[in-house]
Each structure stands twice: as C-alpha cells, then as structure tokens.
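S.K.: First the structure, which I've put down as structure tokens, then a few questions once you've had a look.
Computed from the coordinates by the stated procedures, all read-outs in this text should not be read as laboratory data. Only a predicted model underlies this, so the values are computations on that prediction, with no experimental measurement involved. Neighbour counts run over all protein chains shown; Cβ positions are idealised from the backbone, glycine included.
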Amino acid sequence: MLSTTVHMGSFQQTAKPARAAPGGCEYEDMDAVNIDSMLARFSEHWAPKKIAELNDYDVKIVKVLGDFTWHAHTDTDELFLVIDGRLKIQLRDGDVALGPGELFVVPRGAEHCPRADVETAMLLMEPRGVVNTGDAGGDMTADLEMLT
C-alpha cells in the first residue's frame, strides 16, 4: 500500500513510513502541510507562496481578488486548483469558470488572465522558477516566498 506525504521540501510516496527514501529525506522527519493554516498566514493578493516541492515543480498557494494581467508561459503549462472562492480564467477564445475543488490546466503558450470577483484561494503547480506574470512582467510580478 502506498501512502502519500507532503513535506515542506518534497513530496514522497512510500511503502513503509519509517525508512529513508533513496536520495530523499527521512520519513519520520516529514510533516503534513495544512493548506488552511498556511493560507491564514498571509493576506496579500496575487503574491504566491511556495509550500512544497514536487520533483522540479513548486507547489504554491495564493489569494487573489480582481484582475491579474494578461500573460503567457511559453515553456510550460500552468495548473490552477481553486480551494475556496471562484475564479474565472479568461482566455482569448473563451473563459473557464472554476469553483472550490475544480482545476484547470492552461496549456503552454496560451495567453490568459485570471480574475476573481470574490477573494479566492488557489493552489498552483509550476516548474521551479516560473514567474507569475510569465512573459508580461510588470508591477504584478511577485518574488516567491517559501512558507515553512
């Protein structure tokens, strides 16, 4: 039986939780990440926080409200998972509406603009180093902070 554990620095699937993973961290050293408590630690909008890593991907949470900026990520897809609230992902050929527990993957290179009419909490998964504003840059570009 596999168990899944999220650690503040890695994601591991294990057969026996008391052993060390090859090249990984000790299982007994791992703690679950409580997303709700992480979200309670900040209030700013459009400022993603890294809560874990999965291989070469950052697992991020973010609170959003209002319009973001139109942008694209030429080298990667982008996963949006709504935890609480409602999100509209505006695309050039139509919009995608998401509620709690729903996710959408924006394909690489697709220009998009997230919008939330109510405060919305989300989980994002992107390759390490991806900038939140993609190719657009500008005032909404955020430095990525790690929550521990």
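S.K.: Taking H as built 1.01 Å from N, whose amide H comes closer than 5 Å to the amide H of residue 109, not counting residues under 5 places away?
M.R.: Those lying under 5 Å, H to H, from residue 109 are 73, 74, 75, 76.
S.K.: Among 131-144, 58-71, how do they line up from the highest to the lowest mean number of other beta-carbon atoms within 10 Å?
M.R.: Per-residue mean Cβ counts within 10 Å order the peptides as 58-71, 131-144.
S.K.: Could you go through the stretch 88-102 in sequence order and give the Karplus-derived ³J(HN,Hα) for each residue, using 6.51 cos²θ - 1.76 cosθ + 1.60 with θ = phi - 60°, rounded to whole Hz, and x for Gly and Pro?
M.R.: 10, 9, 7, 10, 5, 10, x, 9, 10, 9, 10, x, x, x, 10
S.K.: Report the relative contact order of the stretch 34-146, percent, no decimals, based on alpha-carbon pairs under 8 angstrom and at least 6 residues apart.
M.R.: Rounded, it is 34 percent for the stretch 34-146.
S.K.: Cα centroid distance between the stretch 31-92 and the stretch 119-148, in Å?
M.R.: Going from one Cα centre to the other spans 7 Å.
S.K.: Around residue 46, which amide H atoms from residues at least 5 apart in sequence, or from another chain, sit under 5 Å from its own amide H, with H modelled in the peptide plane?
M.R.: Under 5 Å from the amide H of residue 46 lie the amide H atoms of 63, 64, 65, each far enough along the sequence or on another chain.
S.K.: Using a 10 Å cut-off on Cβ atoms, rank the peptides 39-47, 76-84 from the highest mean neighbour count down.
M.R.: 76-84, 39-47
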